[in-house]
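The block underneath contains the structure these notes are about, expressed in structure tokens.
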Amino acid sequence: MTTAASQPILRLHTPKPLQHQSSATRAESVPPSGRLQEILSVPSAGILMESASTPRAVGYLGEITSAAVVAEVNSSLGIPTHDGLIEPPKDRLTEDYIRSGVEVLGFLQDIEKIRELLSRWFKFGDGFMLYRPLYEIWLEGLAPVLEDYSNGKGLESLAATIWCNTQCSLTCGKNTTLQEWASAATGDRLRWETIGLLLSIIGLLSASLPPWDTVFKGSYGRDDLMHTTLKLVEICIDLSKRSGTRNELLLCLLYERTVIISGIQGDTSSEVWESYSGVCDVAILLGLHLDSRANSQTPFFLAELRARIFNVIFSMDKFQGTFLGRPPRLSYRYCHVPFPKDITDEEMLLPWPELQARLAQLDANGGWSKSGSVGRCGWRRAWSARHELREDVLEVVIGTSNIDLEASIRSIRAREKEASESLPPFCRGLDPEDLLTRLKRDPTHHIPGRGVEWRPVDLLCFLSMHFGIRHTDFLLERAIFNKTKCDSSRLIASAKAVLKLVLKAHQVRDFLYEFQLDFTDMLAFYAVPVAGVLAIEMLKRDQLNDLCDTFPRSETLQQLGVLVPALEAVRPDEGNYKLCSMGLNAIRKVLDQLLSKPSGRPIAIDGHQGHAFEDAQFGVGIGNDADFLQWLGNVDFDTNGWLDSL
């Protein structure tokens, strides 16, 4: 079977791009007064399109609410329940909304450029959340509509039509196919969510690729394209919400908006946190956290899509909480977190009898595919066993309740071992450092048992799993040390393991050059915090000047020396540049102290020695890595004041 990554985006007959796009957009955005009134008099969405079936209620209300009790009484009496309490409001179409819509549509006039950008993104593999064929169908339906309205009715009329389409619910029945569902959101039924999702792919691509990539040759550079698409995505989200839309497409658009913001502003930005809170809110509103997210009338592709979406959202929630030292917004205690099926996007297009046979084959193989390229959902399924575990790790490292630390960590490590043993055959027991060494020598090295080469996206997914595993161990050792003040050797060993893997990955950066955003995040999330811990430990041991110390000072200095130029290479236009720069300055400061001055006099310490982090102000006790780095960059090492309380 041909993989999704090897197929081009569908080719269509498309209109010629506008010669003067910006001026044309401005001119079309201000229609004559009479024309505007004609557009605003479009009948309501309910008149334009009658639902094929009853739409899914929007606005999950739990079983303990007053509305649930009333609904139960009504049901027993045979009275239908009114959904007015939970239906989102719908605004009236205004001149401002039309002008905003025209701004978005003006950008889409160069449809060939849009196609080129989407084709480049899907060379990486399957869609991240939505199925790749959805985008192909949407793009196929978009092109002729743009041509029709650009040459005749005008973009203002198209903006009004899209508004009305967006007010209609996306409905489907048990036998609805993926192609039919996708077609209901494009062409004559084009929606703002659809347009926003196509634009979001361009934003994600811009954030991922380096600025010198050939895709940016032309009217838009990387930064301009990223900021422009973010602005247009924001407009699409606003128009969708004002149209009353709350569905799976809007949820995916909200998620991808958050990723684009993080690529521009960095993950410590308050906008990223607030934006992702909106993602979690809509997921709960749609009831995707429930086991009943699908029923007997839900087609398989939609049930699986909902499972995939919530799996991604839940995972990102744990990642943000871990990185920022904040409580998670979603908890497995109140959510059913599904494992996505190991099915590629192209397989989702198979006729139902063939897809059923494929599902039966997966069940017979323990849920795993055994040949061909690994889809994104295959990698996501492999990581899913650790979602609940990461929440328990957060409870250990930032929780406020009194817990049995030893028992909790013992339980987490036992479950971590079980999760590793449950990995699929193609990555179970595979050492990431050995793999990186092999790929450095031979980039055509094959995935075990699959008969296909490692693609950059495969390596990225595999490394992400192992960074998570090693980072978990680092967090647990950090928690143990903070709370028990025991010997720091295990903490140092865990920090060195993380840093070693980062530096190994850096050796194959050319192989991963199309994933610059992920590479920068790897440095910011994993390398910088552990490097700070190691730098402080070395500084402390130099102050102690213990002649019997066995700490591998030379090896650690060499590792930090390799990390410094990697951090220097992070560009100012990358979202997490400030965090990498903060870490770089702090590590440089420590290295200057270590390499520029002779060792100080021995310092007598009562009890055990070599504990670099006993003080709450000494970095490791600080709640998150960003605060730790800020402390590390500001501390004055020219005096022993920072050691006084030890």
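The values are calculated or read from the model by the stated rules, or taken from the named source; none is laboratory data. Small disclaimer: the values here were computed from a predicted structure and weren't measured. Neighbour counts run over all protein chains shown; Cβ positions are idealised from the backbone, glycine included.
Number of residues in the range 129-184 that are farther than 30 Å from Arg380 by Cα, among the acidic types (Asp, Glu) and without any contact (Cβ under 8 Å) to a residue 60 or more places away in the chain equals 1.
Please determine, by comparing only the residues of the range 288-339 that are among the hydrophobic types (A, V, I, L, M, F, W, C) and part of a loop (DSSP other than H, G, I, E, B), which one is farthest from Val396 (Cα to Cα). Result: Ala294.
Given the condition under 23 Å from the mean Cα position of the chain (by Cα) and not assigned by TED's automatic domain parsing to the domain that holds Asp518, answer yes or no: does some residue in the range 183-190 qualify? Checked against the condition, which is being under 23 Å from the mean Cα position of the chain (by Cα) and not assigned by TED's automatic domain parsing to the domain that holds Asp518, the range 183-190 yields no hits at all. Within the range 157-183, the set of residues being among the hydrophobic types (A, V, I, L, M, F, W, C) and either in contact with a strand residue (DSSP E or B) (Cβ under 6 Å, 6 or more places away or on another chain) or over 26 Å from Ser100 (Cβ atoms) (or both) comprises Cys172, Leu178, Trp181.
Would it be correct to say that Ala283 is under 24 Å from Arg132 (Cα atoms), assigned to a loop (DSSP other than H, G, I, E, B), without any contact (Cβ under 8 Å) to a residue 60 or more places away in the chain and in contact with a Leu (Cβ under 9 Å, 6 or more places away or on another chain)? Step through it out loud before you land on a result.
On the way: under 24 Å from Arg132 (Cα atoms): yes; assigned to a loop (DSSP other than H, G, I, E, B): no; without any contact (Cβ under 8 Å) to a residue 60 or more places away in the chain: yes; in contact with a Leu (Cβ under 9 Å, 6 or more places away or on another chain): yes.
No.
The number of residues in the range 337-373 that are small (Gly, Ala, Ser), out of contact with any helix residue (DSSP H, G or I) (no Cβ under 8 Å at 6 or more places or on another chain) and without any contact (Cβ under 8 Å) to a residue 60 or more places away in the chain comes to 4. Report yes if some residue within the range 148-165 is part of a loop (DSSP other than H, G, I, E, B) and either over 18 Å from Leu249 (Cα atoms) or in the same structural domain as Asp126 (by TED's automatic domain parsing) (or both); otherwise report no. The answer is yes, given that some residue of the range 148-165 is part of a loop (DSSP other than H, G, I, E, B) and either over 18 Å from Leu249 (Cα atoms) or in the same structural domain as Asp126 (by TED's automatic domain parsing) (or both). If you check Asp281, Asp267 for being touching an Asp or Glu at 6+ places or on another chain (Cβ under 8 Å) and closer than 24 Å to Asn311 by Cβ, only one passes: Asp267. Looking across the range 171-221, the residues that are surrounded by 18 or more Cβ atoms within 10 Å (Cβ to Cβ), among the polar types (S, T, N, Q) and under 19 Å from Phe122 (Cα atoms) come down to Thr194, Ser200, Ser206, Ser208.
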